[in-house]
Ligand code: BTN
């Protein structure tokens with residue numbers, strides 16, 4: 001895990017207004033020489049932060065940037081009366097927030113990790129999750145699961161519903177739906193994804209690591225993040241979203257939904273899922289290790305399994321797989 005130095009944080013906060021600042025101005029502000037400023041800027045650009053050098057004028061961030069800040073996240077969380085306390089790990093750069101939490105000694109307390117950038121962000125099915133600096137949310141929560149592992153069925157769907165609930169708090173849920181088991185899509189383009197990892201422990205409990213990636217301030221017009229169609233909250237709303245507020249609201253939604261899930265399982269969320277289910281009634285293709293299934297989606301059952309009727313009229317109940325709309 002790498003951190004920005006206090007000097008680099010101050011420098012980025014100064015540049016964060018998106019205006020051009022001269023080397024002199026920045027040097028005076030930070031009480032260091034212009035050459036030292038130049039060195040710091042070079043280090044920041046090596047992190048992948050897009051800072052433009054304008055000859056004779058100075059330095060300018062190409063897109064506005066508000067750094068992640070634990071105090072701001074915790075202060076927004078004061079608006080909620082949360083029952084769960086958590087340790088917070090904030091990184092400037094980490095291989096993967098999921099992997100980082102997995103590497104910590106196991107503990108009964110909840111831990112959260114967020115990063116400005118991931119060097120090996122992971123998606124489902126061994127895919128890569130593109131994670132450039134400062135634009136998006138790369139979030140993981142680790143918590144202990146004391147119930148039977150079979151009761152985890154439907155968890156990933158519930159996590160996507162919690163994510164949608166958090167976006168609703170930001171009035172950004174219009175037209176966003178869920179694609180089984182845990183993608184958020186807008187206009188058929190991927191907005192967010194969930195990667196859940198479970199590790200069983202010797203005393204019978206399990207550690208859950210819930211990883212969430214949300215495309216927030218990346219612009220799909222300007223950046224090539226993946227070969228699949230994707231979008232961001234910025235694309236949807238046309239404005240930059242404050243990631244600290246978003247993360248606080250995500251934590252609150254997630255804790256609330258996980259508590260209800262522990263009590264009721266997926267059953268209590270099924271209708272909520274069906275209301276925003278993008279596959280329901282559609283001709284779909286599901287890839288699984290055993291092969292590819294074609295058919296029509298009939299929503300999900302009480303265990304969160306996808307109900308798919310194949311071309312012979314047989315109903316299949318799927319617990320995992322990569323689903324997509326079939327080409328017409
Ligand atoms: C997917 O849709 O394939 C799941 C993507 C999950 C990405 C997030 S980003 C934070 C966390 N850390 C990771 O390495 N992956 C998840």
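The values are calculated or read from the model by the stated rules, or taken from the named source; none is laboratory data. The structure displayed is predicted, hence computed values, not measured ones. Note: ideal-geometry Cβ built from the backbone for every residue, glycine included; neighbour counts use all protein chains shown.
Structure notes:
- Whether a residue is within 16 Å of the ligand (Cβ to nearest atom) and modelled with pLDDT under 95 was assessed, and residue 125 passes this test.
- For residue 264, the requirement of being exposed (fewer than 15 other Cβ atoms within 10 Å of the Cβ) and closer than 23 Å to residue 151 by Cα is met.
- Cβ separations smaller than 7 Å between residues 6+ apart or across chains give the following pairs from the range 129-156 residues that are within 20 Å of residue 248 (Cβ to Cβ) and modelled with pLDDT under 95 to residues that are within 12 Å of the ligand (Cβ to nearest atom) and assigned to a loop (DSSP other than H, G, I, E, B): 135/216.
- Only one of the listed residues (90, 101, 68) is in contact with a strand residue (DSSP E or B) (Cβ under 7 Å, 6 or more places away or on another chain), part of a loop (DSSP other than H, G, I, E, B) and at pLDDT 95 or above. That residue is 68.
- Residues of the range 244-269 classified as over 28 Å from residue 138 (Cβ atoms) and in contact with a helix residue (DSSP H, G or I) (Cβ under 9 Å, 6 or more places away or on another chain), total: 2
- Residue selected from the range 178-187 under the condition within 15 Å of the ligand (Cβ to nearest atom) and either more than 27 Å from residue 120 (Cβ to Cβ) or touching a residue at least 24 places away in the same chain (Cβ under 8 Å) (or both), by the criterion surrounded by the fewest Cβ atoms within 10 Å (Cβ to Cβ): 185
- Qualifying residue in the range 76-84 (condition: in a helix (DSSP H, G or I) and either surrounded by 15 or more Cβ atoms within 10 Å (Cβ to Cβ) or over 28 Å from the mean Cα position of the chain (by Cα) (or both)): yes
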